[in-house]
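The values are calculated or read from the model by the stated rules, or taken from the named source; none is laboratory data. Everything quoted here is computed from the prediction, not taken from an experiment. Cβ placement follows ideal geometry from the backbone for every residue including glycine, while neighbour counts extend to all protein chains displayed.
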């Protein structure tokens, strides 16, 4: 089958789903190499994803607002900015998963990308099937919702806890009505704690939830993320009431009395 026919078939499938009212998952690809952008776009459209591409950080941020993607594939080396800086800006603006692509394969580069909020990190050259599989895993993981236990109040897609309002649909967090900017991992960890306020989560459990199946770092990444989360949520990060440390075990959601 020719590439053109393959693409046309994929576009027909996308159109059919749109005609049926099926909401396609949106993916934004930011990479300055046109060959890589086009290849990823072809692969994703063939799998019925709605895809937009950008060749630089400025265009990528514009599309982040107008396109409202469910996931971003981001190259580390861009002509107008560092992928690290852009990743931090993206995850600081919206709780959205980011997969970083880079020719750099040193562990320190991977750890830095993950610490700045990336959901995953892949080195170039990469296998299209592996990228697609990781995208599916991340999107599926983000869609999964655990039952909310006693201790929080659920109103439709919102979770209310003390001064916090956690909106599952818009993926926003408010404290006393004021938006709090969280990275995707901070959002995911807070969501996990809010949905299971009775449970003490170990660092290993939170590492699996927040970083996934093949993270190469250690549980210190959890502690650093909790530290940043407390700085954003707590009135006094040294005396946290929302995210409590249970010494010798892990972390648990706290209440106003903690």
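Observations on the structure shown:
- Flag if residue 65 is outside the structural domain of residue 180 (by TED's automatic domain parsing) and within 21 Å of residue 221 (Cβ to Cβ): no
- Scanning the range 18-37 for residues being exposed (fewer than 15 other Cβ atoms within 10 Å of the Cβ) and part of a helix (DSSP H, G or I) gives a total of 4.
- Residue in the range 57-75 that is more than 17 Å from the chain's Cα centre (by Cα), outside any helix (DSSP H, G or I) and surrounded by 15 or more Cβ atoms within 10 Å (Cβ to Cβ) present: no
- Residues of the range 89-113 that are touching a residue at least 40 places away in the same chain (Cβ under 8 Å) and either under 23 Å from residue 167 (Cβ atoms) or surrounded by 22 or more Cβ atoms within 10 Å (Cβ to Cβ) (or both): 91, 92, 93, 94, 95, 96, 97, 98, 101.
- Among the conditions (1) surrounded by 15 or more Cβ atoms within 10 Å (Cβ to Cβ); (2) modelled with pLDDT under 90; (3) within 22 Å of residue 159 (Cα to Cα), residue 221 misses just one, which is (3).
- Filtered residue count, the range 122-145, keeping only those that are within 20 Å of residue 209 (Cα to Cα), outside any helix (DSSP H, G or I) and either modelled with pLDDT under 90 or out of contact with any strand residue (DSSP E or B) (no Cβ under 9 Å at 6 or more places or on another chain) (or both): 2
- For residue 101, the test of being part of a strand (DSSP E or B), farther than 28 Å from residue 36 by Cβ and at pLDDT 75 or above is failed.
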